[in-house]
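Just below is one structure, and these are the notes that go with it.
The values are calculated or read from the model by the stated rules, or taken from the named source; none is laboratory data. Since this is a predicted model, take the numbers as computed values, not measurements. Counting neighbours? That spans all protein chains shown, and the Cβs are built from the backbone with ideal geometry, glycine included.
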């Protein structure tokens, strides 16, 4: 039985023009190993493949190596692919079509999480034109871009709202949720998102046709927050003016995920690693020069600047932004389905070939359905390959679990 590929995660990359969005995208989709015959090698325009980084379980199991099939394992770190979609630069009025903004925003319909690339140095004005660092308050960009995204969702949902609301009025709560989720599925909005938004706005007991415009807006904003949460990527952290701005953003936006980033530094490191000049893994807090003689004076100077940056921020932040989006905001974990729980292999003898990104709270039976529909239908029990214990269908999977599904279907 062939395994299904794990569900794809789509990360939307958004932001104003000239904030370093393209540099971030280029850095995030470049990795210093060849990727032939890997998932997602055929990409659409403005879509690339990035990776989240997690400690590979083969180290924990005391194995010398593994044979990754749907991911990469480099120096004991598992790099698991995710899709990145780079949306063209947004400006004020984008949701109304200014600068083709509504067309660009429509690309985000299926995104699971958004990375908002912000010029933390304040070196671009509201239209994205270069200005002296410190001129622009990055907080203004955060407010404006999030407003554009909220207004875009409002324009889509509100268009047919009166007629939809009258239909919802005649349904009980459960059917109302199902109907609403189904109608909004094109925006990647699911049942649990609708329930959360209704509770957050205290609208679950009122008839939708009676909602005032401000109530509908509040509901849609909550839907956006839960269905398309935003990680703030405080880019250009290598520019001195950025440091105070980043501290101020963190104080003004408690509870928000804000990652200091230098996309330019990450791109420099990944390119240098590709050329064999340095040893560096995305997300590392340092790098090692392995070909000093091949470095030009300009390259040596640039690498010294990056080394100082790493001492200050502990990383360039690019890998941390991807990891934060998937592991912290989307609350995903990594599990490894196998056929042989003793050797940790698939049916062909490959060790830990597949790493699945799944939502926290996923059960053993739900994993079985992800691996193959027939496995889920015929589910008997699962085996935790680490402990060799049988677990039932309601067992909640933990990060780095290695799981064998036993089914009536062979």
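Every test in (1) part of a helix (DSSP H, G or I); (2) over 30 Å from residue 153 (Cβ atoms) is passed by residue 249 save one, and that test is (2).
Can you find a residue that is assigned to a helix (DSSP H, G or I), crowded, with 21+ Cβ neighbours inside 10 Å, modelled with pLDDT under 95 and touching a strand residue (DSSP E or B) at 6+ places or on another chain (Cβ under 9 Å) anywhere in region 79-90? No, that holds for no residue. Note on region 229-246: among residues that are part of a loop (DSSP other than H, G, I, E, B) and touching a helix residue (DSSP H, G or I) at 6+ places or on another chain (Cβ under 7 Å), the one that is surrounded by the fewest Cβ atoms within 10 Å (Cβ to Cβ) is 229.
Residues in region 117-152 that are modelled with pLDDT of 95 or more, in a helix (DSSP H, G or I) and in contact with a helix residue (DSSP H, G or I) (Cβ under 7 Å, 6 or more places away or on another chain): 138, 139.
Of all the criteria given as (1) on the phi < 0 side of the Ramachandran plot; (2) modelled with pLDDT of 95 or more; (3) touching a strand residue (DSSP E or B) at 6+ places or on another chain (Cβ under 7 Å), the one not satisfied by residue 361 is (1). Does residue 272 satisfy the condition of being free of Cβ contacts under 8 Å to residues at least 60 places away in the same chain, closer than 24 Å to residue 86 by Cα and touching a strand residue (DSSP E or B) at 6+ places or on another chain (Cβ under 9 Å)? Spelling it out, residue 272 is indeed free of Cβ contacts under 8 Å to residues at least 60 places away in the same chain, closer than 24 Å to residue 86 by Cα and touching a strand residue (DSSP E or B) at 6+ places or on another chain (Cβ under 9 Å). As for region 227-244, it holds no residue that is assigned by TED's automatic domain parsing to the domain that holds residue 313, under 30 Å from residue 199 (Cβ atoms) and without any contact (Cβ under 8 Å) to a residue 40 or more places away in the chain. Conditions first: (1) touching a residue at least 60 places away in the same chain (Cβ under 8 Å); (2) within 30 Å of residue 307 (Cβ to Cβ). Residue 265 passes all but one, so which condition is the exception? All conditions pass for residue 265, except number (1).
Looking at region 268-378, the helices (runs of 4 or more DSSP H) lying wholly inside it that each contain 3 or more residues that are under 24 Å from residue 226 (Cα atoms) and in the same structural domain as residue 61 (by TED's automatic domain parsing) sit at 318-323.
Regarding region 388-398, can at least one residue be identified that is without any contact (Cβ under 8 Å) to a residue 60 or more places away in the chain, under 26 Å from the mean Cα position of the chain (by Cα), on the phi > 0 side of the Ramachandran plot and part of a loop (DSSP other than H, G, I, E, B)? The answer is no; no qualifying residue exists. Among the residues of region 317-344, the one identified as over 11 Å from the mean Cα position of the chain (by Cα) and free of Cβ contacts under 8 Å to residues at least 40 places away in the same chain is 343. Restricting attention to region 153-191, the residues being in contact (Cβ under 8 Å) with a residue 24 or more places away in the chain and either more than 21 Å from residue 212 (Cβ to Cβ) or not in a helix (DSSP H, G or I) (or both) number 6.
Filtering region 44-74 to residues that are modelled with pLDDT under 95 and on the phi > 0 side of the Ramachandran plot leaves only 46. When we screen 148, 178, 215, 126 for residues that are in contact with a strand residue (DSSP E or B) (Cβ under 8 Å, 6 or more places away or on another chain) and surrounded by fewer than 16 Cβ atoms within 10 Å (Cβ to Cβ), the only hit is 126.
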